[in-house]
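Here's the structure, in structure tokens; my notes come after.
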Amino acid sequence: MFIVLMGPPGCGKGTQSAKLIELLGVAHLSTGDILRQMAQVDTPLGRRVAECLDQGTLVSDELIVDLVAERIKQPDCRPGCLLDGVPRNVPQAQSLDELLATSKTAVDAVVEMQVDEEELFSRLMRRAETEGRSDDNSETVRHRMAVYRRETAPILDHYRQQQKLRSIDASGTPEEVFERIEAVLVGLN
Ligand code: AMP
């Protein structure tokens, strides 16, 4: 089973992903986590990735498609994956469809977490204080939100056309949000 969790930066994807992989019994595929590890390594590629992370710009689609193709081959992904942070634009969504089709599978559902942008901005600023993520400063956060609106939001139409889109209200406590996600995924596993 392949579920995509989508939403603007700060919407709580990370928290919900951790709960969802337990519920669904699938692996967690977070391109952000993989890239943050890559950025720790002092190589030309590591430095390029680190630069994108610091600026909040997207790394190349080619790199992402390679990372996803490698990750889904790993044994823990056999029951499926929760895709967190990918696809991030329409070309990535198309590549993912093609990649999964080669193993005779497909995305089962896409959960879109909807939250008001100003609420997100204050959440991210709070996260910057507690977690110290280097891309959680106000300029990068605004940029990441703009990238989401421009690049990532058009994917919603891609999946709406495939009748896979399930949008939920992601305001409120993590428990309330999780219940809403559970409710739209009923019957899938
Ligand atoms: P995230 O943890 O998903 O918010 O991702 C953090 C950063 O990693 C993003 O701002 C991008 O720079 C990069 N990134 C993560 N996933 C992707 C992706 N699918 N395509 C391009 N860049 C990505």
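Quick note: the coordinates plus some simple rules give every number you see, no bench work behind them. Everything quoted here is computed from the prediction, not taken from an experiment. As a convention, Cβ positions derive from the backbone with ideal geometry for all residues, glycine included, and neighbour counts pool all protein chains shown.
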In nm, the gap between the two label points placed 7 Å beyond Cα toward Cβ at LEU23 and ARG149 is 3.0 nm
Give, in nm to one decimal, the length gained when the segment between GLU119 and SER138 is fully stretched (0.36 nm per residue of separation minus the Cα-Cα distance). 5.5 nm
Helical contribution to [θ] at 222 nm, DSSP H n ≥ 4, -39,500 (n - 2.57), averaged over the chain, rounded to 500: -16500 deg cm²/dmol
Average Cα contact separation per residue, the chain, under 8 Å, 6 or more apart, as relative contact order %: 33 percent
Would you kindly state how much longer the chain becomes between GLU131 and GLN163 on full extension, computed as 0.36 nm times their sequence separation minus their alpha carbon distance, in nm to one decimal? 7.9 nm
In units of 2.2 N^0.38 Å, the Cα radius of gyration of the stretch 1-159 is 1.01
Please give the Cα centre distance for the stretch 21-96 versus the stretch 120-137, rounded to the nearest Å. 21 Å
Please list, in order along the stretch 79-93, the HN-Hα scalar couplings obtained from phi with the Karplus expression 6.51 cos²θ - 1.76 cosθ + 1.60 (θ = phi - 60°), rounded to whole Hz, x for Gly and Pro. x, x, 9, 9, 8, 10, x, 8, x, 10, 8, 5, x, 5, 5
Mind checking the full-extension length gain between ASP54 and THR102? Use 0.36 nm per residue of separation minus the Cα-Cα distance, one decimal, nm. 13.9 nm
To the nearest 0.05, what FRET efficiency results for VAL90 and SER171 with a Förster distance of 30 Å applied to their C-beta separation? 0.65
Can you give me the long-range amide H partners of GLY85? Hydrogens built in the peptide plane at 1.01 Å from N, cutoff under 5 Å, separation of 5 or more residues or another chain. LEU5
Beta bridges by DSSP in the chain, antiparallel share as percent, to the nearest 5: 0 percent
